[in-house]
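Derivation of every value follows stated rules applied to the coordinates shown; laboratory data play no part. The shown structure was predicted, so the numbers you read here are calculated from the model rather than taken from an experiment. Cβ sites come from the backbone with ideal geometry, for glycine too, and all protein chains shown count toward neighbours.
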Protein chains: 2
Amino acid sequence: MLSMNAPALATLTRLRTACSQCNLRELCLPVGLNADELNSLDNLVSTRRKIRRGDSLFYGGEPFSALYAVRFGFFKSTLTSGDGREQVTGFYMAGELLGMDGIGADRHTCTLTALEDSEVCVMPFARVEELSRRFEPLQRHFHKVLSREIVRDQGVMMLLGSMRAEERLAAFLVNLSQRLTTRGFSASEFVLRMTRDEIGSYLGMKLETVSRLFSRFQEDGMIEVHQKHVRILDIAGLRRVMAQAHSPN
Amino acid sequence: MLSMNAPALATLTRLRTACSQCNLRELCLPVGLNADELNSLDNLVSTRRKIRRGDSLFYGGEPFSALYAVRFGFFKSTLTSGDGREQVTGFYMAGELLGMDGIGADRHTCTLTALEDSEVCVMPFARVEELSRRFEPLQRHFHKVLSREIVRDQGVMMLLGSMRAEERLAAFLVNLSQRLTTRGFSASEFVLRMTRDEIGSYLGMKLETVSRLFSRFQEDGMIEVHQKHVRILDIAGLRRVMAQAHSPN
DNA sequence: CAATCCCGTTGATCCCGGTCAACCGGGTGG
DNA sequence: CCACCCGGTTGACCGGGATCAACGGGATTG
């Protein structure tokens, strides 16, 4: 560091936040771009920010200024109702976008909390919009990301509105496994970053029910659980559980 | 019509779909625009489309090509899961935007069905994106609409995940009343466009429970119900019901 | 105008998941 | 390194809402 001149330092900083160099590029940005096009996106990210486990990236009610892409780590988003009840509305991992709830009212509605030491790329929203106007593939991509968040939420509504507890938990495990696979992790063995209480809140059931269902799934030979460690033994079985129509009307 | 020359006819068609002349402008479009700016948005809408009660605007799985703004009428959106279960994911009225679920995968995920004879403005999505790139206030507005849909969905997740049946129904009535007020209708007296079954699906409960709760609210003097006709007598009471934390942990 | 069917209401019973409680084990912080 | 505390598991019991069933009335359709 001591022997570096100013331009070299600038380059180094540049590299540190260059999307074109990021191995999560395929998750965050539009695909099929050439090097030139990619470079034009390199000033999308202003800085990076580390968030320690248990700390929050932003709180509900806070003014909105930027979107965040998870570089590594794990987050939960929570919504607090007027009377203080807290609902977990989602879990987010590497390559996923946070903060889109804030655009509508220039103020975040939910709180984003790190469930393990994490790092995010900070993308000032004004910059996102400006680059979207100038760069059609980015606009397209950004709209897709927003839309997919809507679709994801509707999926959760279906989960909560029309499925039984065991179906919901099975769906949760299958979904988690899929997302981890996309990121190159094992599909069958992983460590839960959240507590039983947080899973329960997300799935609309009590922590005791989550615990009991984990035990039941284990008895049925579909999974192996030890605390936060989960091994999936029969993903087809889980899929069967989550799809079983309980009331044949 | 017989005596009209071609240009005059064109003007008439133009007027028919001109956003600048629409009385729902404040609900659909960014506010605070001057006449010139408004005129530049007039080719956002290609045509209008009437949908008869019971018919669908689009179906889940269908290719996505346009967004739709409700001009008048009432819609429900439904999601059908793999095993055929149907979940109502939302109700939409005049001035609200439909079809945003389709952007993410170029294919609609939910089905939109008219619950009364309705009409929508058809906005080809390519045109929406093009105008968004050229016209910053529209871009801003469009992003806000997308974000608000996310926030709305998260609100429903909280409803379904952490509230009891009576709280959910109270919240539903309060929300309906609010949205009708915004559109200049009576806040205290309205006709439900959907059946008990559809309300139940949306709120994650059975139609019998919806019916029983309506009766209970009526006994408690908070509402008056006769079939689809509802009169709200004590909105504060409903708000109290929807906010009551049932389990003081 | 009449017939039909769907929608809504209400009662009786049941069961899934919530509630309360006790215990245990492992990770964390002093 | 040890103690503490939080998170997880399991059991017993309870209750809200689902299920099953019967009936009634309005609105649509021919």
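Tabulated results
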quantity	calculated
Mean-position separation - Cα centroids, segment A:65-115 and segment B:51-112, in angstrom	26
Segment B:163-243: translational diffusion in µm²/s, Stokes-Einstein, Kirkwood Rh over Cα pairs, 10 °C, 1.306 mPa s	127
For chain A, average projected area of the Cα convex hull in nm²	16.9
For the protein assembly as shown, Kirkwood radius (reciprocal of mean inverse C-alpha pair distance, Å)	24.7
Dipole of chain B, positive direction: furthest Cα of B:80, B:69, B:102, with charges on the beta-carbon	B:69
5 angstrom amide H check on residue B:96, placed H, neighbours 5+ away	B:70
Kirkwood-Stokes translational diffusion coefficient of segment A:6-134, alpha-carbon pairs, 37 °C, 0.692 mPa s, µm²/s	211
7 Å along Cα→Cβ, label-point gaps from residue A:215 to other copies, nm, shortest first	3.9
Residue-wise HN-Hα coupling along segment A:230-244, computed from phi with Karplus coefficients 6.51, -1.76, 1.60 (Hz; x: Gly, Pro)	10, 10, 8, 9, 9, 5, 5, x, 4, 4, 5, 4, 6, 9, 5
Whole-angstrom Cα spans of segment A:142-192 along principal axes, big to small	33, 29, 12
Under Karplus coefficients 6.51, -1.76 and 1.60, residue-wise ³J(HN,Hα) of segment A:78-85 in Hz, glycine/proline x	10, 10, 10, 7, x, 8, x, 5
Cα-based equivalent ellipsoid of segment A:62-149: semi-axis lengths in Å, sorted from largest, via gyration tensor	24, 16, 11
Proximal lysine pairs, the protein assembly as shown, alpha carbons under 26 Å, eight or more residues apart or interchain	16
Computed [θ] at 222 nm, deg cm²/dmol, chain A (DSSP H ≥ 4; -39,500 (n - 2.57); rounded to nearest 500)	-13000 deg cm²/dmol
